[in-house]
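Report on one structure; see the data block that follows.
Read-outs throughout are calculated quantities, based only on the coordinates presented, and are distinct from any laboratory measurement. Keep in mind that what you see is a predicted model, and the values were worked out from it rather than measured. No Cβ is skipped: glycine too gets one built from the backbone with ideal geometry, and neighbour counts run over all protein chains shown.
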Amino acid sequence: MPIREALPEDAAALAAVHVRSWRAAYRDLVPGPYLDALDIEERAAAWHARLTAPDRPSVLVATDDGGHPVAFSCFRACRDEEFAPGTTAELAALYALPEVWGTGVGRALLSASTEALITGGFRAAVLWVFAGNARGRRFYEAAGWRADGTSVREETGGRVLEELRYRRALFS
């Protein structure tokens, strides 16, 4: 599966992956009306702004044989003051279209993201995952990520959800 850096013209495709993935993955966690109200055009504008910003995050996209994005990851230096600057990255997003779940696309994208972080000089990485997202937690745990004991409770769509911070050393 081809993986490349995302371009500003990928914004609409990233938004579609983002919204469709949220609707499928979080249907039992996030209220349906919130998920149904997610707007692809609004998300496309946000992704376009991110992809054209001077301090843009790194975004990788996995494409199908026709070159259409089916998954993406987004990562950047972690802004948490708990970590020394430049040592820890945050995997802010990794989403895939539901029809490619279980095909290895996510593993390939996570691996490519990890390699990019190592190349960028990061020693460790963190990510946040909903505590109730069993599928996501299994996915990250299979790749060597572990919950580090830090959690937050935030409201999403009118429901308070717990998010767990996972961490992984990038060098053994």
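Restricting the stretch 127-172 to chymotrypsin sites (Phe, Trp or Tyr not before Pro) that sit in a DSSP loop and have at most 16 other Cβ atoms within 10 Å of their own Cβ leaves Phe171. When Rg and the Kirkwood radius Rh are both evaluated on Cα atoms of the stretch 28-103, their ratio Rg/Rh stands at 1.02.
One decimal place: the segment Ala147-Trp128 gains 5.9 nm when fully extended, by the rule 0.36 nm per residue minus the C-alpha distance.
What residues from the stretch 131-145 fall in the zone where the backbone N is under 15 Å from a label point 7 Å along the Cα-to-C-beta line of Glu162? Under cut-off, by backbone N: 131-134, 137. Sequence-distant contacts, meaning Cα pairs under 8 Å at least 6 residues apart, place the relative contact order of the chain at 21 percent. Backbone geometry of the stretch 90-95 corresponds, through the Karplus equation with coefficients 6.51, -1.76 and 1.60 at θ = phi - 60°, to 3J(HN,Hα) couplings of 10, 7, 7, 7, 8, 10 Hz, x marking Gly and Pro. Which of the trypsin sites (Lys or Arg not before Pro) across the stretch 40-81 are loop residues per DSSP, with 10 or fewer other Cβ within 10 Å? Those that pass, being in a loop and sparsely packed, are Arg79. For the chain, the dipole from Cβ point charges (+1 on Lys and Arg, -1 on Asp and Glu) about the Cα centre works out to 500 debye, to the nearest 20.
Between the labelled values (i) 110; (ii) 121; (iii) 184, the entry that holds volume of the Cα convex hull per residue in Å³ as derived from this structure is (ii). A simple spin-label model places pseudo-atoms 7 Å from Cα toward Cβ; at Asp55 and Arg27 they are separated by 3.9 nm.
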